[in-house]
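Here's the structure, in structure tokens; my notes come after.
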Amino acid sequence: MKIGILGTGNVGRALADGWAAAGHDVVLGSRRSQDLELRSELEASVGDRVAVADPGQAVAGADVVVNATPGTASVPHLASLGSSALAGKILLDVAVGFGEGVTLSHPVESLGEEIQRTFPDTRVVKTLCTIDAGLMVAPGSLVGPSTLFLSGDDTDAKRTVETLLNDLGWPPESLLDLGGIATARGQEHYSLLFMGIAEALGSYGFGIQVVVPTSTQSL
Ligand SMILES: NC(=O)c1ccc[n+]([C@@H]2O[C@H](COP(=O)([O-])OP(=O)(O)OC[C@H]3O[C@@H](n4cnc5c(N)ncnc54)[C@H](OP(=O)(O)O)[C@@H]3O)[C@@H](O)[C@H]2O)c1
């Protein structure tokens, strides 16, 4: 699959590396694509199997576009590419917007919903935002299975994203489809609890698992 990733930070690099290793055709879309220092940094972290281009080029050739930009900047950044450039494409949205301190830039309507509302012809799927970048591509390094969530209005788009998550090592039983894009609110709000757990553990390296009773009688 052709994947264009917007943002070359921790998440963009980790996902680029993971999907390139799985055999996908990955382009990192950077606002600084001509910056030689960034290019050599990317060469060191993702090697030469990932191309680097400007954001417009990365989106143009992609079946799936990944939003790995700061959540406070995502909508203007996507808008700068033009809604027609994104029309019909799947947009896998990993972003969360943080305000001052541990607050969300989208405390009511989620960022995922705002993106879907702003780009109605784009098929937005929110996922991966409940886990640290390193573990997004290494779920098997956790001591037990972890749950990953999907939110989106387009069922086919979610099924495609599930296969991409499988390619990163997430087994089907780890994936929980929460429903429409409005359910992205819960995923984004989890970031606040994520920060609390990270503070308590002294590490971002953890996953969470949804567990159910062993039998309905125990309910
Ligand atoms: N880090 C994590 O473990 C983690 C986990 C879950 C969710 N997330 C979310 O995933 C997103 C990316 O996280 P990250 O840790 O990779 O962030 P990051 O390291 O800060 O990287 C974000 C990248 O986005 C681009 N960018 C920065 N400012 C921008 C702007 N104003 N407009 C457009 N592009 C901009 C930059 O790439 P270029 O300069 O190359 O364009 C930058 O490298 C965030 O929304 C974050 O909340 C992160």
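Can you tell me the order of 34-47, 114-127, 52-65, 139-152 when each peptide is scored by its average per-residue count of other Cβ atoms within 10 angstrom, highest first?
Output ranking for 34-47, 114-127, 52-65, 139-152: 114-127, 52-65, 139-152, 34-47.
Between Ser215 and His189, what is the label-to-label distance in nm when each label sits 7 Å out along the Cα-to-Cβ direction?
3.5 nm
Looking at the square roots a ≥ b ≥ c of the eigenvalues of the Cα gyration tensor of region 2-211, which shape do they give, rounded for a/c under 1.5, prolate if a/b is larger than b/c, or oblate? Could the numbers behind the result be given before it?
Numbers: a/c = 1.34, a/b = 1.16, b/c = 1.16.
Cα axes put region 2-211 in the rounded bin.
Which value in nm describes the separation of the simple spin-label points at Val108 and Leu176, placed 7 Å from the Cα toward the beta carbon?
With each label point 7 Å from Cα toward Cβ, the separation is 2.7 nm.
Taking only C-alpha pairs under 8 Å that are 6+ residues apart, what is the relative contact order of region 2-211 in percent? It would help to have the intermediate numbers written out before the result.
Values: 389 pairs, mean separation 39.7, N = 210.
It comes to 19 percent, rounded to a whole number.
Going by the alpha-carbon gyration tensor, a ≥ b ≥ c the square roots of its eigenvalues, is region 81-168 rounded (a/c under 1.5) or, if a/c is not under 1.5, prolate (a/b greater than b/c) versus oblate? Please list the in-between numbers first.
Details: a/c = 2.30, a/b = 1.22, b/c = 1.88.
Oblate, since a/c reaches 1.5 and b/c is not below a/b.
How high is the FRET efficiency between Ser203 and Ser40 when r is their beta carbon distance and R₀ equals 30 Å, given to the nearest 0.05?
After rounding, the FRET efficiency stands at 0.50.
Helix-derived [θ] at 222 nm for the chain: sum -39500 (n - 2.57) over DSSP H runs of at least 4, divide by residue count, nearest 500?
Numbers: 9 runs with 84 residues, N = 219.
Taken over the chain, the calculation gives -11000 deg cm²/dmol.
Starting from the Cα-Cα distance between Arg117 and Arg32, subtract it from 0.36 nm times their residue separation and give me the gain in nm to one decimal. Kindly include the intermediate steps, with their values, before the conclusion.
On the way: separation 85, 0.36 × 85 = 30.60 nm, distance 2.80 nm.
Gain on extension, Arg117 to Arg32, equals 27.8 nm.
Pick out the long, greasy-scoring helices in the chain: whole DSSP H runs spanning 20 Å or more along their own axis by Cα, mean Kyte-Doolittle at least -0.5. Numbers along the way, then the final one.
On the way: long enough: 184-201 (25 Å, 0.27).
Length and hydropathy pass: 184-201.
Read-outs throughout are calculated quantities, based only on the coordinates presented, and are distinct from any laboratory measurement. Keep in mind the model is a prediction, meaning the values are calculated, not measured. Cβ: placed from backbone, ideal geometry, glycine included. Neighbour counts: every protein chain shown.
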